[in-house]
Amino acid sequence: MRVYNFSAGPATLPESVLTEVQQELLNFHGQGLSIMEQSHRAKMSDDYAVLFLQGGATGQFSLIPQNICQPTDKADYVISGQWSKKSVAHAKEFVNVNVAADSTESKFTTITPQADWSLSADAEYLHFCDNETVHGVEFPELPQSDKLLVSDMSSNILSRQFDVSKFGIVYAGAQKNIGPAGLTIVIVRKDLLEREGQKISPVFNYKTMAAAGSMSNTPPTFAWYTAGKVFEWLKDLGGVTEIEKRNAAKSKLLYDTIDASSFYANPVDKAYRSRMNIPFTLANAELDALFLEKSAEQGMINLKGHRSVGGMRASLYNPMPLAGVQKLVDFMQIFEKENA
Ligand SMILES: *Cc1c(COP(=O)(O)O)cnc(C)c1O
């Protein structure tokens, strides 16, 4: 029996993908050996290089300025939650960071409106985190800027359509919406590969890795293989347009349930609510432990909120079915009746 895993990451994978992986594990396509024992290959798009790197999204916090900037260059950063805050802490070792906006004061329940950002005229790029996994805050649309946009999409890539041509760099750790941990996707506009960056190991150098098809050293082959299967799974069910609709329906169901109740609450400004990570509190925090115990008994796990936020958090990444969310809201309503 599989449980519904609401973890923020490493997150749930499609069951069909896991079954395929299991079937192919000992003998991949009749070759008598597993994917982990095979050699490797990859390919790229026209205007953008798609790099398959290691080091996590966290690695990219420093690697972006290291690859495309000099330490004296300037870059604008928007702080809208824990991850963008961390990206600033790491980036400022390698570039002159201007914090253009910071919603810390709101406890990250909103995003500073763009009219109030203090952007610098000479910034090389504008960095933002499209979806804040811990606080459940998501950009409803792209910031308007003639600057190079750089975005951490670790927890919402492939969950909705976006126009990649508006971006210089999009990056994401795989373990939220793509596949197993150990793989980091970096989509980089090809002209940026020619920027003079800083001294850096060749395995983290975008140009070197692009030229080598992300294989200037041994890649995490099993993570690549499984991510490939998740991409196929997503294409088969109708691609990003279809999953975008499903994700909207899933998050609406949970938000509607929370908003209709005076027992549950979500603190985030409605305009900026995440479709992927939904934090919520119970009217009485002393009931948290009981909520977690009872939900786990019914096969719904990892609902505990991040320690910095408290309460609960349900992560509804692509592979989480509507049935999982329905089961959660049914449980929530019964729990409220029994304990309110
Ligand atoms: C999980 C996460 C990260 C960190 O990813 P690692 O792969 O652990 O480095 C960074 N940004 C966001 C938005 C995340 O959700």
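Side notes on the structure shown:
- Neighbour counts of other Cβ atoms within 10 Å put K166, K86 in the fewest-to-most order K166, K86.
- Added length on full extension, which subtracts the Cα-Cα distance from 0.36 nm per residue, A115 to Q298: 61.3 nm
- Hull-based mean projected area of the range 172-219, where the convex hull spans the alpha carbons, in square nanometres: 3.8 nm²
- Fewest-first ranking of L287, L63, using other Cβ atoms within 10 Å as the exposure measure: L287, L63
- One decimal place: the segment D330-Q31 gains 103.0 nm when fully extended, by the rule 0.36 nm per residue minus the C-alpha distance.
- Cα gyration tensor, the chain - rounded (a/c under 1.5), prolate or oblate: oblate
- For the pair the range 300-323 and the range 106-133, the centres of their Cα atoms are 25 angstrom apart.
- Of all the options K176, K235, K304, the one that moves most in a Gaussian network model of the chain with Cα springs shorter than 10 angstrom is K235.
- Panel order for I157, I200, by other beta carbons found within 10 Å of each beta carbon, from fewest to most: I200, I157.
- Counting only whole DSSP H helices of the chain, the ones at least 27 Å long by C-alpha along their axis and with mean Kyte-Doolittle hydropathy no lower than -1.0 are 239-259.
- Checked against a 24 Å cut-off, the cross-linked pairs K147/K176; K147/K207; K92/K176; K245/K304; K74/K166; K176/K337 give Cα-Cα distances beyond that limit for K147/K176; K92/K176; K245/K304; K176/K337.
- Here is how the number arises for the chain: DSSP H runs of 4 or more residues each give -39500 (n - 2.57), the sum is divided by the residue count, and the result at 222 nm is -9500 deg cm²/dmol.
- Share, in percent, of DSSP beta bridges within the range 131-205 that are antiparallel, nearest 5: 65 percent
- By the rule of a C-alpha distance below 15 Å, with chain neighbours fewer than 8 residues away ignored, the aspartates and glutamates paired with K86 are D76, D102, D130, E132, D152.
No lab work stands behind these numbers, since they all come straight from the coordinates. Small disclaimer: the values here were computed from a predicted structure and weren't measured. Cβ: placed from backbone, ideal geometry, glycine included. Neighbour counts: every protein chain shown.
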